[in-house]
Each structure stands twice: as structure tokens, then as C-alpha cells.
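K.L.:
Sending over a structure as C-alpha cells; questions will come in a sec.
Each reported figure results from applying straightforward, stated rules to the coordinates on display, with no laboratory input. Everything numeric in this text was worked out from a predicted model, so none of it was measured. Cβ placement follows ideal geometry from the backbone for every residue including glycine, while neighbour counts extend to all protein chains displayed.
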Amino acid sequence: MTGGEFFGGEAGPHRCSRSGCTEDAVWAIVWRNPRIHPEGRRKIWTACDAHVAFLSDYLRARDFPVTVEPREKGAS
């Protein structure tokens, strides 16, 4: 559930997680920090085409397990 759905509105497009970017996200970067998150815990950053490599490389450089998946339209 997103904030818009919670307050009775429709969910809008997801924005890229890169600081300052206002583009629509088309990728889901799924990751976890194995030092503090249990095996089943996953975090998701969203990314536009221009920032998917930057964001996923940032996480991989810290030895976090990372997968990049296309973000489904209409997914929250």
C-alpha cells in the first residue's frame, strides 16, 4: 500500500531512488545487508534506466546480494 492508496487516492508512478532524480522507475533493485538483515528480508530500491547501473553497483560494491528486475506496471 502506498501513501496515495492509504489516503483514498490512486497510486502514482514510482520515482527513481537516486537522489534528485524525478524520472519514473522502471527497475526494481532488490537487496539486503547480510550483516543486519535475516535471509528472508529484502529491501527494494526503484530506478530509472539512467540510474539502474549506478544504484546496483553502489550496493554490489558493499558486497550486498543484489538482483535487478523489471518493475511491473501497477505494482506498489
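K.L.:
What residues have an amide H closer than 5 Å to that of Ser17, excluding those fewer than 5 places away on the same chain, when H is modeled at 1.01 Å from N in the peptide plane?
P.N.:
Amide H neighbours of Ser17, under 5 Å, 5+ apart: Thr46, Ala47, Cys48.
K.L.:
Give, rounded to the nearest 20 debye, the magnitude of the charge dipole that the range 13-70 has about its Cα centre when Lys and Arg contribute +1 at Cβ and Asp and Glu contribute -1 at Cβ.
P.N.:
340 debye
K.L.:
For the range 13-70, what Kirkwood radius comes out of the mean inverse Cα-Cα distance, in Å?
P.N.:
Radius from the Kirkwood sum: 11.5 Å.
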